[in-house]
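I have placed the structure first, in the form of structure tokens, so that the comments after it can refer back to it.
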Amino acid sequence: MAAYGWEHEQRNSVELHKATYYTLRLQHPTLPSQLVVSARMRAGEALTSALTRKAHGKPVCCPLWKTAEIERS
């Protein structure tokens, strides 16, 4: 979602939802819908911050997240 928003300079989370939700649900059918919505909200917040910094001429790149590694015992 962040990559889509960055490419299209879209920070509005409703527009991000419209553009990405169904595609993501098809790609990840076992992922609960609430997690997709939560990811969209996080991406929207990060994009708002990044695009605002970009508009002020500050160096910035597309927001990225690292996946958490789960330790198995």
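Quick notes on this one:
- Restricting attention to the stretch 18-49, the residues that are part of a helix (DSSP H, G or I), among the polar types (S, T, N, Q) and exposed (fewer than 14 other Cβ atoms within 10 Å of the Cβ) add up to 6.
- You will find that of 20, 30, the residue that is at pLDDT 90 or above and under 11 Å from the mean Cα position of the chain (by Cα) is 20 and no other.
- Scanning the stretch 1-11 for residues that are in a loop (DSSP other than H, G, I, E, B) and surrounded by 13 or more Cβ atoms within 10 Å (Cβ to Cβ), we see that the one that is modelled with the highest pLDDT is 10.
- Residue list for the stretch 42-73, filter: aliphatic (A, V, I, L, M), within 18 Å of residue 1 (Cβ to Cβ) and at pLDDT below 90: 43, 64, 68
- Flag for residue 15 being among the acidic types (Asp, Glu), surrounded by 10 or more Cβ atoms within 10 Å (Cβ to Cβ) and assigned to a helix (DSSP H, G or I): yes
- A count restricted to the stretch 8-53 and to residues that are among the acidic types (Asp, Glu) and closer than 20 Å to residue 64 by Cβ stands at 2.
The values are calculated or read from the model by the stated rules, or taken from the named source; none is laboratory data. Here the structure is a predicted model, which means the values were calculated and not measured. Glycine also receives a Cβ, built like all others from the backbone with ideal geometry; neighbour counts cover every protein chain displayed.
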